[in-house]
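No value in this document is a laboratory result; all are computed from the given coordinates. This structure is a prediction, so every number in the text was calculated from the model and none was measured. For neighbour counting, all protein chains shown are included, and Cβ atoms are generated from backbone atoms with ideal geometry for every residue, glycine included.
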2 protein chains.
Amino acid sequence: MTSYDAPLADMRFLLHGLGLLKSVNALPGMEEATEDLVDAILEEASKLARDKLAPINHPADLAGGSKLENGVVRTPDGWKEAYDAFVEGGWNAVPFDSDFGGQGLPWLVGIALQEMWQSANMAWALCPLLTQGAIELLSAHGSNEQKAAWLPKLISGEWTGTMNLTEPGAGSDVGALKTRAEKSGDHYLIRGQKIFITYGEHDLTDNTVHMVLARTPDAPAGVKGISLFIVPKVMVNPDGSPGGRNDLRCVSLEEKLGIHGSPTCVMAYGDNEGAVGYLVGEENRGMEYMFTMMNNARISVGLEGVSIAERAYQQARAYARERVQGKTVGNGGGAIIGHPDVRRMLMTMRALTEATRAVTYDLAAMLDISNRHKEESWRTYAARRVALLTPVVKAWCTDMGVEVASLGVQVHGGMGYIEESGAAQHYRDARIAPIYEGTNGVQALDLVGRKLLRDKGEGALEYVDEVHSLINGLNQRSEEDLVVIRRHLAAGVDALDNATHWLLDAAGGNQVDALAGATPYLRLFGIVAGGAMLARLALRATESIEAGGDDPILADKLVVARFYAEQILPQASGLATSISAGSGAIMALAEDRF
Amino acid sequence: MTSYDAPLADMRFLLHGLGLLKSVNALPGMEEATEDLVDAILEEASKLARDKLAPINHPADLAGGSKLENGVVRTPDGWKEAYDAFVEGGWNAVPFDSDFGGQGLPWLVGIALQEMWQSANMAWALCPLLTQGAIELLSAHGSNEQKAAWLPKLISGEWTGTMNLTEPGAGSDVGALKTRAEKSGDHYLIRGQKIFITYGEHDLTDNTVHMVLARTPDAPAGVKGISLFIVPKVMVNPDGSPGGRNDLRCVSLEEKLGIHGSPTCVMAYGDNEGAVGYLVGEENRGMEYMFTMMNNARISVGLEGVSIAERAYQQARAYARERVQGKTVGNGGGAIIGHPDVRRMLMTMRALTEATRAVTYDLAAMLDISNRHKEESWRTYAARRVALLTPVVKAWCTDMGVEVASLGVQVHGGMGYIEESGAAQHYRDARIAPIYEGTNGVQALDLVGRKLLRDKGEGALEYVDEVHSLINGLNQRSEEDLVVIRRHLAAGVDALDNATHWLLDAAGGNQVDALAGATPYLRLFGIVAGGAMLARLALRATESIEAGGDDPILADKLVVARFYAEQILPQASGLATSISAGSGAIMALAEDRF
């Protein structure tokens, strides 16, 4: 097992070198997020991640994770101490509204911190991730009274939050849910069962605020008949003191492939008198409210792919440096890092990690711009970009997280298959991220159906044009690395351009053709977006070198971008070919011929 | 959890439809392997796989697999009953020499059976797979006395065999091993520790025959100083009756990511008086002997990729047919199999399974031809093909096994992450196959270093020529499916052709360029080989339809081949582009910049 050190230099190169923080720092209300302050925050956060969160990650997994005993969930050793330190340090409050105790820092900074928590301990970091969802929902749709009652302790982290959407027959199709909510005076009584509730029950805090989707008796069928409720684990008296237990409990924990430290609960609401719930906003608008928070949640889950990739890379790198095996080309009999094939694996892991991180951070900056820019045209532009790239970040980054974690196992050889090494844990942990918060198939349909076809390609083609502009900028450069990067990026964006037009044309005829091509289209989008971001970093690094910069990270950025251009971007043309094959062979078999 | 039914129709289409069995049946000594006999064997085997092996697979995994208690390994519930039934049915003996009780059937048939055992229960099937290795070693290199002493009970399955290569500091680099063998009268005394010994200790049989690599005191360093020994768990008296325990024991079991039913042992030899071992062949030739059996073992492990893919496909298919979620395009609100994106996943799983199976079976037939053809020129040709494609089958099929198992998890959505569903087990089990029996990186180096460069591309370009001939044959056809298949296959083989020439040229200059491209070259080779085999199946299916055939499998073969051509083969050109980028960016970073 290896330690975790936050990749602060890489993060800083994105925030400062590329200028992402500058664009956010210029927004109204974000003036305090200066380079110095952010550096200090990152530095402090990296200590918490390294010293408190990372060391308890693998032991918790080996010990079997959280356990349910007599209705109480016991989190693994060290979980609560780490959580207390997290709350005491004010880390939970970083990106939230200062009116309710938040620190009001940009999402861009919040994302960088979240990467550290997730890399250090993905299972643990899910707890604040879910709290974030509850905070966003209440901030956007709660009454002033509700905000005052619930937000301060959620933002401080003294209480945690959960999201209760899924039921046994209602996963991707949330509209099929059956949980009932009946009005009873100033509140509702909730009755039903929810599954896959992350941190639905735990021993980290005194109270948990469940955000629960349910139907009122006369609600219309489907997604338009779903309402959203606040359902606390422990009732809260008007003076803020704790009341009695609400009528809800954790019935069982799921035995999962990974993230064992994170309790995944089956929750029963209202087995007795009914669980007290408070309606958020209006009846029947619950799904609409959910959608307003999905961008952030999906970006955070996409970031899990980046985070687990970074952790797997650090672990594989450490092993490859230490492990001596066979004669090597690169270092004449030293560690396996000298083998070209091991190098290829490590470079692939690194390039995918840096590319997914760059796309995700860029998107986080766009999210801040869409929320806060003083000009509406900028907000609209940024919001369109956020809508377009959110499914790409969620799905592509999490798919790459799985791929990188799998490469991490492979770098370890036989030891990678032994749980003691820790590489296998990342492979298991990573596998959830393509599934939850909307499966990656759902993301692809969102990208093609809602984001591409609905605006007739405006957002996508605007993006393609920007990559073309970047390529035009690269055309001015004669450095070999940049020439090679430009050539592969140009081929990649041409493939994306062609596929985009093909889907727009196809959808006019056969909708199934567009839907059937959604997954390779999303992959193609991610690959090109990653290549474009690494090209921007390479260009910036070259400019810095020209200006006399001698930080070795500058040369590294050129190597990583060129590796990605040569080894990853060439996948683009094949994907475009596959997309334009249409749905024929995909849908040709009768169901009973499978 | 779902059941397993052997894909007999697909197997028969390869054996009979495509004519693989016919080519083997014509070999000297293989005359008995008629279509009727083989069909009867497959039918019987499928019952054992379905009724005895498959049902105990998932329960064993959930219960934690094999356990070590006081030096004794207890295999999971049902393991021994299944093994007894396997031995009583004579299944262990199928492909082995009839002089020692084997049934003398072709490897081609053995491979089809092995697919069933592995699909039904990969962890269980490893036991006979290791016995197969011991049998092959002894058959090829044992003295007549040794053969008579050990082969009959290994072939019947009354005893099992193991392979003892790996030590803590000697994995891929076997030459670094430290286990000692000192001569003592008619035998040697073995002392040392071996790790990762599959079924090194278990309760299925009375005796286990360990094949152990060790060094004699004056042996030269490296791989040329390694000798091979027979080291039985229980000594055998001259009359064949059991003697005392040999000085060896299982020290511990590894906690692995998957294949929990299969005990992976740390073995200690000679802790006390020294373990009695019998030299096989001559001193210092152990590695040479090992290489003679590696083709079969590597093909069998490649087949594990096919097998786990088939099992994962069957499970995902069953789930996708039953699970109702959301509105579908294909079936108007029915099961998720109607969703285009789920279809794409299932079709990908199926196409990769069928392609990997076809390449593996074709290679097994080549193995029989290389062993038995009466004309030397044919044996030489077939041996060259076996040498070329063995690393491709080992690495490509196992990589695809992981990919298909991962898709199987994804088809299940949230349920896929829950161990109860069984999908996660396949994902964990599949992950070992790219690692053991030579990591897939080692396979790629074998392909490029030993198979491509050493014969200056003769074998590879001969293969490329054959695919060109197949394409010429397809040129005669105007059916749309075949036209599309031909077009994509032609692009694929052109990419393979170009990459082959690039590597041959590059190796003349910079060896590292060739080594750094080994992994994408192997992937490219696998993709094209799979496409070529599916094209052959499609062509044969078309001919059968023309001849009046109306079995629905004929139309299925066209759909699967076209899907593969459109969705998988287009990856080829990008891989060729990446290979020809050379090693520059792969090797550019200094080790301390990782």
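Toward the positive end of the charge dipole of the stretch B:440-586, with +1 on the Cβ of Lys and Arg and -1 on the Cβ of Asp and Glu, the farthest Cα among B:Ile568, B:Leu496, B:Leu522 is that of B:Leu522. Among the trypsin sites (Lys or Arg not before Pro) within the stretch A:444-528, those in coil by DSSP and having at most 13 neighbouring Cβ atoms inside 10 Å are A:Arg454, A:Lys456. Is the shape of the stretch A:366-492 rounded, prolate or oblate, going by the alpha carbon gyration tensor and its root eigenvalues a ≥ b ≥ c, with a/c under 1.5 for rounded and a/b larger than b/c for prolate? Note, shape of the stretch A:366-492 comes out oblate.
Taking GluC sites (Glu not before Pro) in DSSP loop states with no more than 10 other Cβ atoms inside 10 Å as exposed sites, chain B has its longest site-free stretch at B:32-374.
The magnitude of the dipole of chain B, with charges of +1 and -1 set on the Cβ of Lys/Arg and Asp/Glu and taken from the Cα centre, is near 1060 debye.
As a proxy for reagent exposure, A:Val393, A:Val342, B:Val251 were ordered by neighbouring Cβ count within 10 angstrom, fewest first; the result is B:Val251, A:Val342, A:Val393.
Based only on other Cβ atoms within 10 Å, what is the fewest-to-most ordering of B:Cys250, A:Cys397?
Working: B:Cys250 20, A:Cys397 31.
By the 10 Å Cβ count, ascending, the order reads B:Cys250, A:Cys397.
How big is the Rg/Rh ratio for the protein assembly as shown, C-alpha atoms only, Rh by Kirkwood, two decimals?
Values: Rg = 30.2 Å, Rh = 31.1 Å.
For the protein assembly as shown, the value is 0.97.
Counting only residues at least eight positions apart within a chain, or on another chain, the aspartates and glutamates with an alpha carbon under 15 Å from that of B:Lys153 are B:Asp84, B:Glu88, B:Asp97, B:Asp99, B:Glu136, B:Glu145, B:Asp206, B:Asp239. Would any residue of the stretch B:521-564 have its amide N under 14 Å from a label point 7 Å out along Cα→Cβ of B:His468? List them or say none. Of the residues in the stretch B:521-564, none has backbone N under 14 Å from the label point off B:His468.
Per residue of peptide A:533-541, the mean number of Cβ atoms on other chains within 10 Å of the residue Cβ is 0.
Compactness ratio of the stretch B:440-586: Cα Rg over 2.2 N^0.38 Å, N = residue count?
1.14
Charged side chains reduced to their Cβ positions (Lys and Arg at +1, Asp and Glu at -1) give the stretch B:440-586 a dipole of some 400 debye around its Cα centre. Under the shape rule built on the C-alpha gyration tensor, where the axes satisfy a ≥ b ≥ c, the stretch B:128-257 is oblate, since a/c reaches at least 1.5 while a/b does not exceed b/c. When a/c reaches 1.5 or more, the comparison of a/b and b/c decides; with that in mind, is the stretch A:162-225 rounded, prolate or oblate per its Cα gyration tensor? It comes out oblate by the Cα gyration axes.
If you restrict to DSSP beta bridges whose two residues both lie in the protein assembly as shown, what percentage is antiparallel, to the nearest 5? All intermediate terms of the calculation are to be shown ahead of the outcome.
On the way: 68 of 82 bridges.
Around 85 percent antiparallel, to the nearest 5.
Would you mind working out the magnitude of the charge dipole of the protein assembly as shown relative to its Cα centre, with +1 at each Lys and Arg C-beta and -1 at each Asp and Glu C-beta, to the nearest 20 Debye?
On the way: 106 positive and 150 negative charges, 117 e Å.
It works out to roughly 560 debye.
Full extension of the chain between A:Leu62 and A:Lys456 gives 136.8 nm of extra length, using 0.36 nm per residue less the Cα-Cα distance.
When only DSSP loop residues count, what trypsin sites (Lys or Arg not before Pro) in the stretch B:308-394 have their Cβ near at most 11 other Cβ atoms within 10 Å? All intermediate terms of the calculation are to be shown ahead of the outcome.
Details: sites: B:Arg311, B:Arg317, B:Arg321, B:Arg323, B:Lys327, B:Arg343, B:Arg344, B:Arg350, B:Arg357, B:Arg372, B:Lys374, B:Arg379, B:Arg384, B:Arg385, B:Lys394; in loops: B:Arg323, B:Lys327, B:Lys374.
Answer in residue order: B:Lys374.
Peptide B:557-566 is shielded by partner chain Cβ atoms: per residue, an average of 4 of them sit within 10 Å of its Cβ. Candidates A:Ile485, A:Asn284, A:Ala351 compared by Cα position along the dipole of the protein assembly as shown: farthest toward the positive end lies A:Ile485, with charges placed on Cβ. Other protein chain C-beta atoms within 10 Å of residue C-beta, averaged over B:509-515: 2.
Here the residues A:Ile435, A:Ile418, ranked from fewest to most Cβ neighbours within 10 Å of their Cβ, fall in the order A:Ile418, A:Ile435. Between B:Met235 and B:Phe291, the modelled label-to-label distance comes to 3.6 nm, taking each label 7 Å out from Cα in the direction of the beta carbon.
Positive end of the dipole of chain B (Cβ unit charges, origin at the Cα centre): among B:Pro106, B:Ala405, B:Asn70, the Cα lying farthest that way belongs to B:Ala405.
Taken over the C-alpha atoms, chain A has Rg and Dmax values of 24.0, 78 angstrom. Loop-resident trypsin sites (Lys or Arg not before Pro) (DSSP state other than H, G, I, E or B) in the stretch B:109-185 with no more than 13 further Cβ atoms inside 10 Å of their Cβ: B:Lys178.
Which entries of A:Lys394/B:Lys256; B:Lys147/B:Lys183; B:Lys47/B:Lys194 show an alpha-carbon separation above 27 angstrom in the structure shown? Walk me through the intermediate numbers first.
On the way: A:Lys394/B:Lys256 30 Å; B:Lys147/B:Lys183 21 Å; B:Lys47/B:Lys194 37 Å.
Pairs exceeding the cut-off: A:Lys394/B:Lys256; B:Lys47/B:Lys194.
Using Cα-Cα distances under 8 Å and only pairs 6 or more residues apart, what relative contact order does chain B have, in percent? Write down the numbers at each step before the final one.
Details: 1102 pairs, mean separation 75.5, N = 594.
After rounding, I find 13 percent.
From helices alone, the protein assembly as shown scores -18000 deg cm²/dmol at 222 nm; the rule is -39500 (n - 2.57) for each run of n ≥ 4 DSSP H residues, then divide by the residue total.
The stretch A:526-594 and the stretch B:428-445 have Cα centres lying 26 Å from one another.
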